[in-house]
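Presented below is the structure to which this report refers.
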Amino acid sequence: MVILNSIFRRSAHVARAVTLRSFSVLTPSEAGRRAAAMMAERQAKDPSAIATILSHSGMDTKGDNLPMAPPLHVATTYTRPADGIYRDGDSVYARMDNPTRLQLEKAIFELECINLAGREDTAITSYAFSSGLAGVTSILLAHSSPLTVLLPDDLYHGVSSLLSNVFSKHRVNARHVNMRDVSEIVEAIQSVDSNDDVIVWMESPSNPKCHVLDIQSICQAVEPLRSSYTITTVVDGTMASPILTRPLELGADVSFHSGTKYLAGHSDALLGVVTLSPVTSRGHELVSAMNDAQELGGAVASPFDSWLTLRGMRTLHVRVERQCKTTQQLVEYLEKNKEQMKISHLYYPGLISHQQYDVAKRQMQGGFGGVFSMEFDDEATAMAFAAALQTVHRATSLGGPETLIEHRSSIEPPERRTSPPGLLRVSIGLEDVNDLIRDFEMAAGIAQEIVK
């Protein structure tokens, strides 16, 4: 009997030990869940680099079974709950809240404000439009008239044409200022009627002469004037992309990009994006008006163009890095061979000889852009050079994977033509730099044979 009791006690002890061990065994599934939760908590404290953020543009981060590409939502309307009350996150109508466009606007906002202190927990104030000029139009519509728009002396001609042909009929006045001299901007504002809204419209680098404006200095210079004037500082950073220059971090109220160019990056999407600063007073003041301009104006980006732009943004950093490198190599080669190739002038902020090189070096992070302009003594030589090129294509626009060249003077409106007749704008793509150099060399030789 004593022996049996001893055996029973020993068996019970072993059973309890086995039971306890079985409860303490961590299953592979539970290990995975715990590890994911711990990493998510710890990683939230360490912001990702811009390359990582862009590589994941448009991807949902919540859930365990996620698509590796952003979904394309094409529906124009959505069912309404039975109680008639829409909940947070519900969609109503595509013009108001298409999910694909909202995903793009979220990605744009994160990119524009990645290093902007104070933007945490703020509402997303990026807006995607059906074209770059639709974005420009909406910025103007968000202001009261009379409105004075100060423009740089070199900029994309579409903005000047929009103001002259359309908005001049609605008490909007445009004036050109040499914005490379900050004092001229201050003087221009002080000469405006204090009842006018004022937009200081910057473009950096400028199109096509690649002027670089000191955005931070300009924003600081106009700050004391805000007590007397309603001023908005806007920067068109299309030629730099947010990879190289983020205007909101330099004090601007509004950042604008033609998303058709570098953001989408494949010459297949038509889109414009506007981001209001979440940290400036003027940025906050414009939110309601910009919401109305987008939603009620109706020029919203289409779902497909939004999806294409999200796709393009996932490689934006890699493309811009390559385009900057190739452009720098090509322009330096052309600079060394200017006399032989009969090039009278090169416009590129990456050249030490560029008048705003020091500003560009400080303001543009990671390169000087993928666009430059070259000028010949006469229009015939420029046209012959462009026509002779084979690797490079003659077309407007910029920022795509193919290198494009355009004679700017002949495409600008005659009454607002600012480009010299011998100027060609070049947008570098993703080709091998040696192929481009050979193409430029041969084209220069042919142009000289024809125009003697």
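The values are calculated or read from the model by the stated rules, or taken from the named source; none is laboratory data. No experiment lies behind these values; they were computed from the predicted model shown. For accessibility, only protein heavy atoms count, side chains too; no ligands or nucleic acids. Shrake-Rupley method; radii C 1.70, N 1.55, O 1.52, S 1.80 Å.
Carbon and sulfur together cover what percent of the accessible area of the chain at a 1.4 Å probe radius? Summing carbon and sulfur atoms, their accessible area is 54 percent of the total for the chain. In order along the range 189-205, the Karplus-derived 3J(HN,Hα) couplings, from 6.51 cos²θ - 1.76 cosθ + 1.60 at θ = phi - 60°, round to 5, 5, 8, 7, 4, 5, 7, 7, 6, 10, 10, 9, 9, 9, 9, 8, x Hz, and Gly and Pro are given as x.
At 0.890 mPa s and 25 °C, plugging the Kirkwood radius over alpha-carbon pairs of the range 311-441 into Stokes-Einstein gives what diffusion coefficient in µm²/s? Show your work: numbers first, answer last.
Working: Rh = 15.2 Å.
Result for D is 161 µm²/s.
Under Stokes-Einstein, with the Kirkwood radius over Cα pairs standing in for Rh, what whole-number D in µm²/s applies to the range 301-380 at 37 °C and 0.692 mPa s?
225
Convex hull volume per residue, computed on the Cα atoms of the chain, equals 216 Å³. Under 5 Å between amide hydrogens, built in the peptide plane, is the criterion, and for R394 it picks out I405 among residues at least 5 positions away or on other chains. What translational diffusion coefficient, in µm²/s and rounded to a whole number, does the Stokes-Einstein relation yield for the range 78-218 at 20 °C and a viscosity of 1.002 mPa s, taking the hydrodynamic radius as the Kirkwood radius over Cα pairs? Calculated translational D: 119 µm²/s.
Which order do I53, I446, I85 take by accessible area at a 1.4 Å probe, largest first?
On the way: I53 35, I446 70, I85 95 Å².
Sorted descending by solvent-accessible area, the residues read I85, I446, I53.
Working note: 222 nm ellipticity from helices only, DSSP H runs with n ≥ 4, each -39,500 (n - 2.57), summed and divided by the residues of the chain, gives -12500 deg cm²/dmol to the nearest 500.
Which whole-number value in Å² is the accessible area per residue of the range 239-356, probe 1.4 Å? Present the calculation step by step, with values, prior to reporting the outcome.
Working: 4390 Å² over 118 residues.
Value for the range 239-356: 37 Å² per residue.
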